[in-house]
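Beneath this line is the structure, given in structure tokens, with notes to follow.
The values are calculated or read from the model by the stated rules, or taken from the named source; none is laboratory data. Nothing here was measured: the structure is a model prediction, and the numbers come from that model. A quick note on method: Cβ atoms are made from the backbone with ideal geometry, for glycine too, and the neighbour counts reach across all protein chains shown. Calculation scope for accessible area: heavy atoms of the full protein, side chains included, ligands and nucleic acids excluded. Shrake-Rupley method; radii C 1.70, N 1.55, O 1.52, S 1.80 Å.
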Amino acid sequence: MSEIKLPKIHVNAEFQRLWWTNVRWGLIVGVVLVFALFAFAKPEYRDWGRHFSAMGGTTMMLSALAGYILLERSLKQDVSANAFDQLRMSSLSVWQMAWSRIIVAPMMAWVVFVLGLLAMLLGKKLEDGTTWTAVAILLTLPFLAWGVACLVLANALPVRQNKQRWNGSLVQVVLLYIIGARWMDYWGNALRDIKSNQMTGIHIAIMFVIFAAMASVFVWARMANVLHLKNVAKIYAVLAVCAPVLAWWSLGNMQTAAATATLIYGGLTLASVAMQGMEINRFRLPVWALTAPLGIWAAIMLQSFDVVLIWWQIAAFMVIVRVCTYLRLGVNSVTVALATYLLVLFLWTTITSNYMGY
């Protein structure tokens, strides 16, 4: 008997479903008209280049916030309608479901982003002295936006965890961002004496492309884990270990490479501790178990006491997360740990600054 061959499905049903439930042409036209109104509502008909550049930058920042809200809203609607249970039984691939949601669910945000990008390109065209380097960075901004959208979707996907763990809420993202920003200031002070290679616009453009590729793999693995319960720990580990390749331009100088590696591995350690917890067993290996030793090794290579001290701060954060998880609080323990760490960091900064002032 001849083997029965099933026909290939060329129509992405998930794309069509999300299109019908999320795209509103009237709203899109209204956004375009409002953007045009603000774009040409200028009291003085001069210095148009700066006007369009500033408006484009503001518009793209608003598009990032809108994308986060729209993606999270779409996921909440599908969870309440049990759409994920239907997707698990469909013949669609994980990647088809991932890119459909990234593109269609925040369609309004993508429209706003394109408008902002066009405004910035027009502003650079009208400005004097615009270099090809600046244009190259602008042309690769869609790769950066795609990578950010992938990370937003990966963070917002529902997880089967209790109140003791990460739930991907906006509050936790904001707290983790504040910690990361404060932590970057410490790194800037500790590494200010290192002579790094000059990063050009071409380096930034290539970094955006690599970031988009790695974020795409990450969101694919996250979707496979949530929808089909596949074990993707190895993919997470490979992406984490290879993360310093984003700063490939710094690999020519050993000291700069070590500084970049310990910076990236430190940030991944913070995020992994917050999102994956402190448990290690034979079936589950969090990312921080790999990035922390690599980051400490890179920090030791720098022979800087300030850098090693910063890793002690990361260790303190790990202890706080462990204690808050052990206490079994009535609210999300990771949120409490993030807020506690910020409070302790603020008190430590205040005390040390007053001491140094004397």
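Loop-only check: which chymotrypsin sites (Phe, Trp or Tyr not before Pro) in the range 216-321 are DSSP coil with at most 14 other Cβ within 10 angstrom? List each step's numbers first, then the result.
Working: sites: 218, 220, 236, 248, 249, 265, 283, 288, 297, 305, 311, 312, 317; in loops: 283.
Answer in residue order: 283.
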Practice item. Once you've got the GNM for the chain with C-alpha springs shorter than 10 Å, pick whichever of 125, 230, 42 has the biggest mean-square fluctuation. Key: 42
**Study point:** Non-local Lys pairs in the chain, i.e. 8 or more apart or on different chains, that have alpha carbons under 29 Å apart
**Key:** 9
Check your understanding: Helix hunt in the chain: which complete DSSP H runs extend at least 27 Å axially by C-alpha with mean Kyte-Doolittle at least 0.5?
Key -> 107-126, 170-190, 201-228, 254-276, 305-327, 333-357
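Which of the trypsin sites (Lys or Arg not before Pro) found in the range 251-352 are loop residues per DSSP with 15 or fewer other Cβ atoms within 10 Å of their Cβ? Write down the numbers at each step before the final one.
Details: sites: 282, 284, 322, 328; in loops: 282, 328.
Here the sparse-neighbourhood loop sites are 282, 328.
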Study note, to complete from the structure: Using the Cα gyration tensor of the range 232-316, the equivalent ellipsoid's semi-axes, largest first and to the nearest Å, work out to 22, 16, 9
Revision key, fill the gap. Note: the range 265-304 at 4 °C, 1.567 mPa s; Kirkwood Rh on alpha carbon pairs; Stokes-Einstein D in µm²/s works out to 122 µm²/s
Exercise for review: Return P(r) of the chain (all Cα-Cα pairs; 20 Å bins starting at 0; whole %; ordered from short to long distances).
Suggested key: 24, 54, 21, 1, 0
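For 206, 102, give me the order by solvent-accessible area with a 1.4 Å probe, most accessible first, ignoring ligands, DNA and RNA.
On the way: 206 65, 102 0 Å².
The most accessible residue leads, giving 206, 102.
Carbon and sulfur together cover what percent of the accessible area of the chain at a 1.4 Å probe radius?
Details: 14440 of 20730 Å².
Looking at the chain in its full context, I get 70 percent from C and S.
How high is the FRET efficiency from residue 65 to residue 248, r the C-beta distance, R0 25 Å, rounded to 0.05?
Values: r = 30 Å, r/R0 = 1.21.
The formula returns an efficiency of 0.25 here.
For the chain, give the magnitude of the charge dipole about the Cα centre (Cβ charges: +1 Lys/Arg, -1 Asp/Glu; no others), in debye to the nearest 20.
Working: 26 positive and 13 negative charges, 172 e Å.
Here the size comes out at about 820 debye.
If you average 1/r over all unlike Cα pairs in the range 81-152 and invert the result, what Kirkwood radius do you get in angstrom?
14.7 Å
So what's the range 66-106 giving for Rg/Rh, alpha carbon basis, Kirkwood Rh from the mean inverse pair distance?
Values: Rg = 10.5 Å, Rh = 10.7 Å.
In the range 66-106, Rg relative to Rh is 0.98.
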